[in-house]
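Data first, discussion second: the structure below is written as structure tokens.
The values are calculated or read from the model by the stated rules, or taken from the named source; none is laboratory data. All of these numbers come straight from a predicted model, not from anything done at the bench. In this analysis, Cβ positions are derived from the backbone assuming ideal geometry, glycine residues included, and neighbour counts consider all displayed protein chains. Ligands, DNA and RNA are excluded from the accessible area calculation, which covers all protein heavy atoms including side chains. Shrake-Rupley method; radii C 1.70, N 1.55, O 1.52, S 1.80 Å.
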Amino acid sequence: MSEITDKTVPEYKSLNFIEQIVEEDIRNGKNEGRVHTRFPPEPNGYLHIGHAKSICLNFGLGLKYNGKTNLRFDDTNPSKEEQEYVDSIKEDVRWLGFDWEGREFYASDYFETLYEFAQKLIRKELAYVCELSAEQISTMRGTPNVPATPSPFRERSVDENLDLFGRMRAGEFPDSSHTLRAKIDLASPNMHMRDPVLYRIMHVDHHRTGTAWCIYPMYDYAHGQSDSLEGITHSICTLEFEVHRPLYEWFLRALEIFPSRQIEFARLNVTYTVMSKRKLLELVTSGLVKAWDDPRLPTICGLRRRGYTPQSIREFADRVGVAKRENVISIALLEHCLREDLNKRALRVMAVLNPLKVVITNYPEGKVEEIDAVNNPEDAEAGKRKVPFSRELYIERDDFIIDPPKKFYRLAPGREVRLRYSYFVTCVDYKTDAEGNVTEIHCTYDPATYGGNAPDGRKVQGTIHWVSAAEAVKAEVRLYEPLFMIESPEDVPEGEDYKQNLNPDSLKVITAFVEPGLADAVALTNYQFERLGYFNVDPDSVSGSPVFNRTVTLKDSWSKMEKDGKTQ
RNA sequence: UGUCCGAUGGUGUAAUUGGUAACACAACUGAUUCUGGAUCAGUCGAGUCCAGGUUCGAGCCCUGGUCGGACAACCA
């Protein structure tokens, strides 16, 4: 077998169904081989990990096929949209590492053109001004089995429609009194084809067009035409728009404009969290989480503050794949991508979250040694740093047990372990309080093991981390657990409150001791607290009082063994 | 209920478009290690929702069913 077939076959196999469509279009010379996509958020909320999948898909396609990707704000409903959201969306897309190369567009850029398109439809007798109320339209629309009853305004003359539509725009009518509707098929089994509303009257200021308009186009009427005007070749959206596709195509055909093609894929769901805008908004406004960038939220800004890297999110988007089947991706995969990335790049430091004092009884009082510590064993170029070592240290409370279970490799009376980077120490004594809780332990150290190795070649089973008591810096550490206690909080049956599944312990704040070098840690920097997990610097930090977020724990086979009862 | 869409190991995705089910994550075992991390090697695990049909051959095609989802806003 030749090397060429070995390489080309798997590459071909790994195309997702959208890439297959795109490549087929290129092969057939459709759109002159051009590929042009867009990411079209409505600026009415913050982006989340689900949007990240769509962003990676759209921009990824543009990059892969030497095409372009626009950023377009779908701002057709001024009552819900704000500049704040526009700004955050741009920041998030950029942070993820994508560039729309100045092609920042708005559906509102096309309001005038869209208006002219509507006049064209009226002239073609494909649209009419309707004076039915929303309720009337709804009841007269019928049901999937029962055809709609025609609006009494359906057969107005072109001139009358043109006149009325112009007066709608001119502001002569109050909100909701008139709509412009397409004249399509009242008996269609697809409810979207039963004379959908194209324009509604809303005397509301728009965040970009101000008071210029009081009629606003509906999504269905604006989206495809915006795609078409921008020359979008492949308009990718989520599954729920599948039923809208006939309408999308109807407009482009009726208007005789560039035929963008809509393709739907299954949206991303992740375990133990919610993705719906409504729920996220509710969590934020009700104070159940602190803000849109609360590190427990699946929002892009929340993930960023939590310590996620853009690379890890892009890798994740890549691995979840693209298909039309509904899916729920395990949060474990996201965390895997994160650890994989952070392992390569995060600097290692020592921090003790739950301190237990250790006195090295044979170590000189007042002496402080600066010990060499490796910054990142995965990256030789990361170099070394100095960490102070002295007579009194803190170690993790979990790393000492008076009566240790089987396979416990850490400290216990009479046991010798290595203090990372420094010396072997042996526990010779411990003190307890009235309740029997250990308050302090006494160890002796072996000066010959400086640097962490014994010249006589003896081995220890465990290596534990530590921090020098006098030099350590106090830090606030925020420990996060999943926001919800059940895997699919979004699935809660109608009528039940999804909030009852919120995890009351999703945030725990503690005070920890960290290496002195971390006193002025820079916001958002990722670190690995050795043996504990990845932590990043929260923007709440001030000089001398750093604040850390636990991004994700390290894989922990010990606690797993404990849980599985393998230490009995 | 009508139309549309989907169904492949625990979870996702793939299968050269009809050629004998693969990859990742998870799980498990071992090696290695100054992080019980990382790394390396390996193991387990579905016969493709069901029933028929076409075919030398079906996860891919056809028929009928089952289950799940979307749609019936002047939201997107």
Spin-label point model (7 Å from Cα, Cβ direction): what's the A:R458 to A:T238 distance in nm?
6.2 nm
With point charges of +1 on the Cβ of Lys and Arg and -1 on the Cβ of Asp and Glu, referenced to the Cα centre of the stretch A:97-179, which listed residue (A:A107, A:M168, A:Q136) lies farthest in the positive direction of the dipole?
A:Q136
In degrees between 0 and 90, to the nearest 10, how far off the longest principal axis of chain A does helix A:3-13 point, with axes built from Cα atoms?
60 degrees
Of A:K279, A:K406, which has the most accessible area and how do the rest follow, probe 1.4 Å?
A:K406, A:K279
Surface/4 estimate of mean projected area, convex hull on alpha-carbon atoms of chain A, nm²:
35.3 nm²
Taking the 0 to 90 degree range and rounding to the nearest ten, how far is the long axis of helix A:331-345 tilted relative to the main principal axis of chain A, both from C-alpha atoms?
60 degrees
Give me the number: length gained by fully extending A:T211 to A:L288, i.e. 0.36 nm times residue separation minus the C-alpha to C-alpha distance, one decimal in nm.
24.1 nm
Paramagnetic label zone (point 7 Å from Cα along Cα-to-C-beta, A:V146; backbone N under 17 Å) in the stretch A:169-198
A:186-191, A:194
Testing the spin-label approximation: label points 7 Å from Cα along Cα→Cβ at A:V542 and A:R34. State their distance in nm.
5.6 nm
Taking the Cα centre as origin and putting +1 on Lys and Arg beta-carbons and -1 on Asp and Glu beta-carbons, what dipole magnitude results for the stretch A:320-375, to the nearest 20 debye?
300 debye
With all protein chains present, how much of the accessible area of chain A (probe radius 1.4 Å) comes from carbon and sulfur, to the nearest whole percent?
49 percent
Can you tell me the FRET efficiency between A:K357 and A:L281 if r is taken as the Cβ-Cβ distance and R0 is 51 Å, rounded to the nearest 0.05?
0.65
Once the in-chain neighbours fewer than 8 apart are removed, the lysines whose Cα is under 25 Å from A:K431 read A:K357, A:K367, A:K406, A:K407, A:K474
One would report the antiparallel percent of DSSP beta bridges in the stretch A:192-286, rounded to the nearest 5, as 45 percent
Two-site FRET efficiency, A:E256 against A:N327, from Cβ-Cβ distance with R₀ of 41 Å, rounded to 0.05:
0.60
Assign unit charges at the C-beta atoms only (+1 for Lys and Arg, -1 for Asp and Glu), then state the dipole size of chain A relative to its Cα centre in Debye, rounded to the nearest 20.
1000 debye
Taking only protein heavy atoms into account and a 1.4 Å probe, give the accessible area per residue of chain A in Å².
46 Å²
Charged-residue dipole, Cβ positions (Lys, Arg, Asp, Glu), the stretch A:214-292 about Cα centre, Debye nearest 20
400 debye
Given the DSSP H assignment, sum -39500 (n - 2.57) over each helix run of at least 4 residues in chain A and divide by its residue total; what's the result at 222 nm in deg cm²/dmol, nearest 500?
-8500 deg cm²/dmol
Hey, with R₀ at 45 Å, roughly what FRET efficiency would A:Q500 and A:K367 work out to, going by the Cβ-Cβ distance, to 0.05?
0.20
Given axes a ≥ b ≥ c from the Cα gyration tensor, I'd like to know whether the stretch A:385-481 is rounded (a/c under 1.5), prolate (a/b larger than b/c) or oblate.
oblate
Pop a pseudo-label 7 angstrom from the Cα along the beta-carbon direction at both A:D379 and A:V438 and give the gap in nm to one decimal.
3.5 nm
How high is the relative contact order of chain A, in percent, with contacts defined as C-alpha pairs under 8 Å that are six or more residues apart?
11 percent
So what's the angle, to the nearest 10 degrees on a 0 to 90 scale, between helix A:83-96 and the longest Cα principal axis of chain A?
60 degrees
Report for chain A the percent antiparallel among DSSP-assigned beta bridges with both residues inside it, nearest 5.
70 percent
